[in-house]
Amino acid sequence: MRGKFVTFEGCEGSGKSTQLRFLGEYLMETGVDFIMTREPGGSPIAEDIRKIILNGSYTEMCDECEALLYAAARLQHLKEVVEPALSAGKLVICDRYVDSSFAYQGYARGLGAEFIKKINSFALEKYPPDLTVFLDISPQDAFARKHGADLSDRMEKMGLEFHQRVYEGYKKLQKEYPRFVAVDCSGTKFETAENIKELLKAKDIIK
Ligand code: TYD
């Protein structure tokens, strides 16, 4: 049987990395056959594209170029990593996917959803996620929790106003796509981890 595809989304500092680490440990303990991967990156070519996108000195990169590079890295990663794992029946957990492009490039950068849909048609048509887990925490709270951003990273350099738009973009996706489910992150990281497990069980992703 083909595996399931679950993606994780959230604003900077939403605790996504911590939650993915907790989930990875739980899936290992319970013997689930899974892979955990990330975007942009997850394969050698896509990781190289990631270095270009996130290079803090490339201030002249235009928004369309940025969106196309994310889409290029995505396609390579889908073909090289995601497809083989899904066809081997594995659960694929991916840290960010096409919804990041909708929220960051489409909404916050202002390229619009239609442009993002067009350049990501392969991903959207062939690889729609079975479930997208959105770690729902406002950028203000996320920044406060993260104790500052990594300012050598081109995306993290963007101010709070940009990240607020990203958050609004995500909230729009939540209304539009039933697969896009928000998880409340206002409690402790352990409570959030429980919320995520419950959601994965309720959606029949894990037992
Ligand atoms: P990363 O350091 O992995 O951020 P995080 O830990 O918050 O996931 O960097 C990924 C950055 O790329 C992040 O700022 C979000 C951004 N991004 C987009 O803007 N569009 C996309 O399509 C993807 C996949 C990521």
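Nothing in this text is a laboratory measurement; each read-out follows from the coordinates by a stated rule. Computed from a predicted model, the values in this text were never measured in an experiment. No Cβ is skipped: glycine too gets one built from the backbone with ideal geometry, and neighbour counts run over all protein chains shown.
A compact table of results
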{"item": "Rotationally averaged projected area of segment 15-129 (alpha carbon convex hull; nm²)", "result": "7.6 nm²"}
{"item": "The chain - mean residue ellipticity at 222 nm from DSSP helices (-39,500 (n - 2.57) per run, n ≥ 4, rounded to 500)", "result": "-14000 deg cm²/dmol"}
{"item": "Dipole of segment 50-207, positive end: most advanced residue of Leu91, Gly169, Phe180 [Cβ charges, Cα centre]", "result": "Leu91"}
{"item": "Farthest toward positive dipole pole in segment 27-141 [+1 Lys/Arg, -1 Asp/Glu at C-beta], among Gly42, Leu27, Tyr107", "result": "Gly42"}
{"item": "Where only C-alpha atoms are counted, convex hull volume of the chain per residue in Å³", "result": "115 Å³"}
{"item": "Cα gyration tensor, segment 115-207 - rounded (a/c under 1.5), prolate or oblate", "result": "oblate"}
{"item": "Total charge dipole magnitude, segment 26-87, about the Cα centre, Cβ charges on Lys, Arg, Asp, Glu only, Debye to nearest 20", "result": "100 debye"}
{"item": "Cβ charges +1 (Lys, Arg) and -1 (Asp, Glu), total dipole of the chain, debye", "result": "360 debye"}
